[in-house]
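Asker: Here you go, one structure.
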């Protein structure tokens with residue numbers, strides 16, 4: 001069973017961003033499945049690296065859209081992006097040093113990465129961009 005499921009209320013109303021949010025959900029679900037299967041730590045580290053790259057690219061798109069729109073919460077939203085990317089890099093380091101601790105910590109915070117940011121920063125972005133479906 002997937003950890004996260006796309007919901008209509010997640011839609012920003014910008015196709016490229018919505019598609020990337022769906023892809024992030026899929027990545028998180030794949031990583032969750034890897035954890036459930038207890039794949040080796042090196043596989044998880046590689047997957048985290050791929051996830052970091054994909055999320056960094058998505059954040060760059062989102063930040064460009066915010067700048068172009070003159071979005072007033074840009075700085076705080078960008079700071080949250082940087083915090084999330086730092087957390088993924090930290091998680092990669094933890095896996096490298098202590099795989100068991102990495103498995104435990106990653107299992108605890110996986111859905112929080114997406115839902116925490118999406119439920120606060122991206123929800124406000126949606127409302128402030130004034131995008132209607």
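Bear in mind that the values in this text are calculations on the coordinates, not laboratory data. From a predicted model like this one, the values you see are computed outputs, not experimental measurements. Every residue, glycine among them, receives a Cβ derived from its backbone with ideal geometry; neighbour counts consider all protein chains shown.
Asker: For the chain, what relative contact order do you get, as a whole percent, if you take Cα pairs closer than 8 Å and at least 6 residues apart?
Answerer: Result for the chain is 36 percent.
Asker: Once both labels are modelled 7 Å past Cα along the beta-carbon direction, what's the residue 40-residue 7 spacing in nm?
Answerer: A separation of 3.9 nm, rounded to one decimal place.
Asker: Taking neighbour Cβ counts within 10 Å as the exposure measure, how do 7, 104 sort from fewest upward?
Answerer: Least to most surrounded, the residues fall as 7, 104.
Asker: While we're here: Please work out the Cα convex hull volume for the chain and give it in Å³ per residue. Please report the intermediate quantities before stating the final value.
Answerer: Values: hull volume 12.2 nm³, N = 133.
Output value, Cα hull per residue: 91 Å³.
Asker: Here's something else I'd like to know. 222 nm [θ] for the chain, helices only, -39500 (n - 2.57) per DSSP H run of 4+, per residue, to 500?
Answerer: Helix-only estimate at 222 nm: -26000 deg cm²/dmol.
Asker: For the chain, find the longest principal axis of its Cα atoms and tell me its angle to the long axis of helix 41-69, 0 to 90°, nearest 10.
Answerer: 10
Asker: Still on this model: Pick from 24, 57, 92: which residue has the top mean-square fluctuation in a GNM of the chain where Cα pairs under 10 Å get a spring?
Answerer: Among 24, 57, 92, the largest GNM mean-square fluctuation belongs to 57.
Asker: In degrees from 0 to 90, rounded to the nearest 10, what is the angle of the helix 99-117 Cα long axis to the longest principal axis of the chain?
Answerer: Compared with the principal axis, the helix lies near 10 degrees.
Asker: Pick from 37, 60, 16 the residue whose mean-square fluctuation is largest in a GNM of the chain, springs joining Cα atoms under 10 Å.
Answerer: Most flexible of the set in this elastic network: 37.
Asker: How far apart, in nm, are two points set 7 Å out from the Cα along the Cα-to-Cβ line at residue 109 and at residue 57?
Answerer: 2.4
Asker: Going by how many other beta carbons lie within 10 Å of each one, how would you line up 113, 6, fewest first?
Answerer: 6, 113
Asker: Within segment 1-18, find all residues whose amide N lies under 16 Å from a label point positioned 7 Å from the Cα of residue 33 along Cα-to-beta-carbon.
Answerer: 1-6
Asker: Between the alpha-carbon centers of segment 43-67 and segment 13-31, tell me the distance in whole angstrom.
Answerer: Answer, in whole Å: 11.
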